[in-house]
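Below is one structure, written out as structure tokens, with a few remarks after it.
Each reported figure results from applying straightforward, stated rules to the coordinates on display, with no laboratory input. What you see is a predicted model; the values in this text were computed from it and never measured. All Cβ positions, even for glycine, are placed from backbone atoms using ideal geometry, and neighbour counts span all protein chains on display.
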Amino acid sequence: MTLEKLTKRFGATVAVDGLDVEIRPGRVTGFLGPNGAGKSTTMRMILDLDRPTSGRALLDGRSYSAYEWPLRHVGALLEAGAVHPGRTGRNHLLAMARSNAIPVRRVDEVLELAGLGGSARKRAGAYSMGMRQRLGIAGALLGDPPVVVLDEPVNGLDPDGVRWIRGLMRGLAAEGRTVFVSSHLLSEMQVTADHLIVIGRGRLLADAPLAEIVAGHASLEDAYYQLTDGSVLS
Amino acid sequence: MTRLRAAIGAEWTKLWTTRTVWWALLSALVLMAAGAGQYALYAGNGDLPASVFRDGLVPAGSIAVLALSFAQLAFLALAMLAMTSEFSTGTIRSSLTWVPARGRLLLAKCAVVAAVTFVTGVVAGLLGSLVARPLLDDLGTSAGVLTQSLKIGLYLAVLGILAVGLGAALRGPVLTLVVLLLLIVVVPPLLQVPDIAVLNAVADAMPGVAGNHFLEGDSPLVGLAIVSAWAIAAVLAGRAVLQRRDA
């Protein structure tokens, strides 16, 4: 997955400023930055939800919407709220599967995988934040995609859930998939990510292996504060 | 083509898996039955205009058309909510990651809504006629009931497409409903009250009045063409907004 001079302006504000990076398969790439640094906007541009002002995001040389069945190439968890509260988790995934000609049995597989088997037939409005997050992750895995994009997947998960998602991401990367995950939990990234991309105010601050970024610092947290110093929005 | 079929399958599943659709359809049938009963009684009391009579008799299907002025509101709500709930619940972002082609997503939604409003519209037309016929007694006739019900279904299918397109263009339930009600319920009678030729002509070009000309008037094809033009314009506007705006 490559971002080529990816830029997004909202009026006078530059949310993402000429981001030029390559995200490789077979490892977990963490995406870090202060609130408002442009992480979510970047991920939304990867999925063609937001249109870049200039530049582009490519997956194996093609844009997301150029794929015949995009969910089979890229699985994404964006805000976990994007589920109709009146629809059951299973029906949500069923509609999702139909949209990309994914076999229905895959729905029950990912529900099981996400530990939602018991709540699958409850309406999503009754889900806890953690359950909505698990449903979102089940959706991201539905098409068995080689690329997985997760925006703050740990949000709302209990300790068991955090451990589960950590193992899941490591496992997906070990299978050779591209795992691109944003988080503001530095300690979590320190134990999960192999590689880090750090942005601040839309600009690239670092693109290096975790070990390289942490080297010479007591922790990722120290390294991060030094990197983002001056780019935190006040 | 396979992608459009898949998108339609997803929209079909989405439509039937919330409660909105059931409430809307139930309301539509109740409004139709109640309205048809009321108008049939009016006919019995001699309170209907002469234009309703055909050869001295009141066709039951025409009573269904009169009752449609109430029932169509429930169909409009169903069609409009199928699109605008995507914005009010945030599911539009899910839908667009599943089907990134904006035009295809909108087309799939229109197809599903039109199919549902057509079939249930025909059913509603038959129901209204069925309620009206016995109440009309020897004043009524069953002639043309099937044709009239099919026309009601077709009108509601086109109206459904109009509501979906407008919902995509305006991106929210409140504004969409207000505009639909203005176009179909509020503005036409205001234009018609003074009975001035120019204002009447403008009213004739509004979707609800044109629909009425299609269902009951002497130039049905012109009426259908006008409603269809509204629907096409709404869908084009909706597609343009979906393509231009960030989700």
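Can you order the peptides B:187-195, A:112-120 by their average number of other Cβ atoms within 10 Å per residue, highest first? Show your work: numbers first, answer last.
Working: B:187-195: 13.7, A:112-120: 16.7.
Most protected by this proxy first, the peptides run A:112-120, B:187-195.
Please list the equivalent ellipsoid semi-axes of the range B:19-69, computed as the square roots of five times the alpha-carbon gyration tensor eigenvalues, in descending order and whole angstrom.
Values: eigenvalues 140, 19, 9 Å².
The equivalent ellipsoid of the range B:19-69 has semi-axes of 26, 10, 7 Å.
Just from the alpha-carbon atoms, what are the Rg and Dmax of the protein assembly as shown in angstroms?
Rg then Dmax for the protein assembly as shown, in Å: 27.4, 98.
Taking amide hydrogens as modeled 1.01 Å from N in the peptide plane, which residues meet the under 5 Å criterion relative to residue A:77, leaving out close sequence neighbours?
The answer is A:149, A:150, A:151.
Got a sec? How would A:46, A:102, B:232 order by Cβ neighbour count within 10 Å, fewest to most?
Working: A:46 26, A:102 21, B:232 14.
Result, fewest neighbours first: B:232, A:102, A:46.
Return the Cα extents of the range A:90-182 along principal axes one, two and three, sorted largest first, each rounded to a whole Å.
Its Cα atoms span 30, 29, 18 Å along the three principal axes.
Would you mind checking which residues have amide H under 5 Å from residue B:141's amide H? H placed 1.01 Å from N; only 5 or more apart, or other chain.
So residue B:141 has HN proximity to B:58, B:60.
What full-extension length gain, to one decimal in nm, is calculated for residue A:24 and residue A:203 as 0.36 nm per residue of separation minus the Cα-Cα distance?
On the way: separation 179, 0.36 × 179 = 64.44 nm, distance 1.97 nm.
Gain on stretching residue A:24 to residue A:203: 62.5 nm.
Other chains near B:1-7: what is the mean number of their Cβ atoms within 10 Å of each residue's Cβ? Kindly include the intermediate steps, with their values, before the conclusion.
Working: counts 0, 3, 5, 0, 2, 8, 3.
Rounded to a whole number, the mean comes out at 3.
What does the C-alpha gyration tensor say about the overall shape of the range B:139-201? Classify as rounded when a/c is under 1.5, otherwise prolate if a/b is larger than b/c, or oblate. Intermediate results must be reported in sequence, preceding the final value.
On the way: a/c = 2.92, a/b = 1.23, b/c = 2.38.
Oblate is the answer for the range B:139-201, as a/c is 1.5 or above yet b/c matches or exceeds a/b.
Within 10 Å of each Cβ in peptide A:95-105, how many partner chain Cβ atoms are there on average? Round it to a whole number, please. Each step should come with its number before you reach the end.
Numbers: counts 13, 7, 5, 11, 16, 7, 6, 1, 0, 0, 0.
Per-residue shielding by partner chains comes out at 6.
Could you line up B:174, B:21, A:148 from fewest to most neighbouring Cβ atoms inside 10 Å?
Values: B:174 10, B:21 18, A:148 23.
Least crowded to most crowded, the residues run B:174, B:21, A:148.
Neighbour counts of other C-beta atoms within 10 Å: give me B:218, B:246 arranged from fewest to most.
Values: B:218 8, B:246 12.
By the 10 Å Cβ count, ascending: B:218, B:246.
For chain A, take the longest principal axis of its alpha carbons; what is the angle in degrees between that and the long axis of helix A:159-174, to the nearest 10 within 0 to 90?
In chain A, helix A:159-174 runs at an angle near 80 degrees to the longest axis.
Can you list the lysines whose alpha carbon sits under 17 Å from that of residue A:8, skipping same-chain ones fewer than 8 residues off?
A:39
Tell me, what is the percent relative contact order of the range A:86-144, built from C-alpha pairs under 8 Å that lie six or more residues apart?
Working: 59 pairs, mean separation 27.4, N = 59.
Contact order relative to length: 46 percent.
Let me spell out the model: positive unit charges on the Cβ of Lys and Arg, negative unit charges on the Cβ of Asp and Glu, origin at the Cα centre of the protein assembly as shown. What dipole size does that give, in debye rounded to 20? Mind dumping the intermediate values first?
Working: 42 positive and 36 negative charges, 121 e Å.
With only Lys, Arg, Asp and Glu charged at Cβ, the dipole is about 580 debye.
Can you list the residues, at least 5 places off or on another chain, whose amide H is less than 5 Å from the amide H of residue A:197, using H built in the peptide plane?
Under 5 Å from the amide H of residue A:197 lie the amide H atoms of A:30, A:31, A:32, each far enough along the sequence or on another chain.
DSSP H helices in chain B with Cα extent of 15 Å or more along the helix axis and mean Kyte-Doolittle hydropathy at least 1.0? Intermediate values should be presented prior to the final figure.
Details: long enough: B:2-16 (21 Å, -0.17); B:20-44 (36 Å, 1.25); B:60-88 (40 Å, 1.61); B:102-136 (49 Å, 1.52); B:145-170 (37 Å, 1.82); B:220-244 (36 Å, 1.48).
In chain B, the long hydrophobic H runs are B:20-44, B:60-88, B:102-136, B:145-170, B:220-244.
Which residue, chosen from B:113, B:62, B:190, occupies the Cα position most advanced towards the positive end of the dipole of chain B, where the dipole is computed from +1 (Lys, Arg) and -1 (Asp, Glu) charges on Cβ about the Cα centre?
Result: B:113.
Could you run the Karplus curve 6.51 cos²θ - 1.76 cosθ + 1.60 with θ = phi - 60° over the range A:22-35 and give me ³J(HN,Hα) per residue in whole Hz, x for Gly and Pro?
10, 10, 9, x, x, 8, 8, 9, x, 10, 10, x, x, 4
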